[in-house]
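The values are calculated or read from the model by the stated rules, or taken from the named source; none is laboratory data. Just so we're clear, the structure is a prediction, and the values are computed from it rather than from any experiment. Note that we place each Cβ from the backbone using ideal geometry, even for glycine, and neighbour counts take in every protein chain shown.
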Amino acid sequence: MSSKLKLYEIDELLDLTIQEVSKIAEENDGLLPDDWAHFLDDIQVERTKKILDIGRYFKSLEAEAEAVKTEKLKLALRQKHCETIAEKLKLYIINNIHAGEVFSDANTKLSWRKSEGVIISDESSIPEEFIKIERKIQIADIKKAIKSGVVVSGAKIETRNNLQIK
């Protein structure tokens, strides 16, 4: 699927090619074959123009991704709002119908059912076989330690060149 938010005009052949690559990615859960770049390599356009056009398209995709991110945050807030109101309404219903009562019509049924839950009264007395501890490497802490002169076995700082597209 091509970017709907186009901030820059690019070569039509390049645009069609990127749309084809996007279609392949969409059909494969966002994955592209290892040799996907040949689609771009096969386009016969002056090198500088091709690279700048791809950079423009990249910026357009980044802008679309930012717009999607913003909308996602708005939707997350709306979700939280709906969940909060739903929970308050559920509590209201719980406080206003008695256990065993049933209310129903063609679209809705409110009734009670029994369930079981485990209550942990003393976490420290739970046997180890029922405890899962997840290991997570703290990258920022490792970087800080190495920069301060600490040798961290199995880790090092690597200097990289990062492409800037503005």
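Show the residue pairs meeting these rules: Cβ distance below 9 Å; 6+ apart or different chains; first residue within region 16-28 and among the charged types (D, E, K, R); second residue assigned to a helix (DSSP H, G or I).
Glu20/Phe39
Report, by residue number, each residue of region 120-130 that is of a type in the set (S, T, N, Q) and part of a loop (DSSP other than H, G, I, E, B).
Ser121
Kindly indicate whether Ile85 is surrounded by 11 or more Cβ atoms within 10 Å (Cβ to Cβ), at pLDDT 80 or above and at negative phi. Explain how you work it out, then say what you get.
On the way: surrounded by 11 or more Cβ atoms within 10 Å (Cβ to Cβ): no; at pLDDT 80 or above: yes; at negative phi: yes.
No, not satisfied.
Can you work out which of the residues in region 60-71 that are surrounded by 15 or more Cβ atoms within 10 Å (Cβ to Cβ) and touching a Leu at 6+ places or on another chain (Cβ under 7 Å) is nearest to Leu13 (Cα to Cα)?
Within region 60-71, the first condition is being surrounded by 15 or more Cβ atoms within 10 Å (Cβ to Cβ), and the residues that meet it are 60-61, 63-64.
From the residues that got through so far, the ones that are touching a Leu at 6+ places or on another chain (Cβ under 7 Å) too are 60, 63-64.
Numbers: Ser60: 17, Ala63: 22, Glu64: 21 Å.
Only one residue tops the list, namely Ser60.
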